Amino acid sequence: MSDSTQQGRWDGPWYRVRTDQFEAAFLPNAGDDLESVNNVDVFVDLNDGSRWSATIITLDQVEILMTRWAASGEALGGRYFWCSDGLIVRDTGISSMTRVLVGLVENGEFTQILQRLDD
């Protein structure tokens, strides 16, 4: 997997990261440490002009949510986790999540995993 990620930049509430294959616009919560982010929406513009979206969440964050829901009764008492465009990753942080997105583009799985946005 290539490591062609450039330093990101803030654009209002969005944190944008450019790679050789795409630009990703992450929407972290205000004040989040970018390398501790464990649940974030992202919009990705591929170089071919197509637009994609996902909610990226860490495995640990899924476990935290399911434990919370077991106590609250949500999601059948925490028996399942679901989100429409979810991508579960192992490691926290925007840079780690960007590396996963790069890897998905490089191995051809990107378009099967992220949700394509119609113009």
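A short reminder: the numbers here are calculations on the coordinates, not readings from a lab. What you see is a predicted model; the values in this text were computed from it and never measured. Glycine gets a Cβ as well: all are built from the backbone with ideal geometry, and neighbour counts include every protein chain shown.
A few points about this structure:
- Some residue of the range 61-81 being within 18 Å of Leu117 (Cβ to Cβ), in contact (Cβ under 8 Å) with a residue 24 or more places away in the chain, in contact with a strand residue (DSSP E or B) (Cβ under 7 Å, 6 or more places away or on another chain) and among the aliphatic types (A, V, I, L, M): no
- Criterion (assigned to a strand (DSSP E or B), touching a residue at least 24 places away in the same chain (Cβ under 8 Å) and within 9 Å of the chain's Cα centre (by Cα)) met by exactly one of Thr98, Thr55: Thr55
- Index of the failed condition, Leu76 passing every other in (1) over 24 Å from Glu109 (Cα atoms); (2) under 17 Å from the mean Cα position of the chain (by Cα): (2)
- Test: residue in the range 38-49 that is touching a residue at least 60 places away in the same chain (Cβ under 8 Å), surrounded by fewer than 18 Cβ atoms within 10 Å (Cβ to Cβ) and not in a strand (DSSP E or B): no
- Looking only at the range 67-119, and only at residues there that are among the hydrophobic types (A, V, I, L, M, F, W, C) and surrounded by fewer than 11 Cβ atoms within 10 Å (Cβ to Cβ), the one that is nearest to Asn29 (Cα to Cα): Trp82
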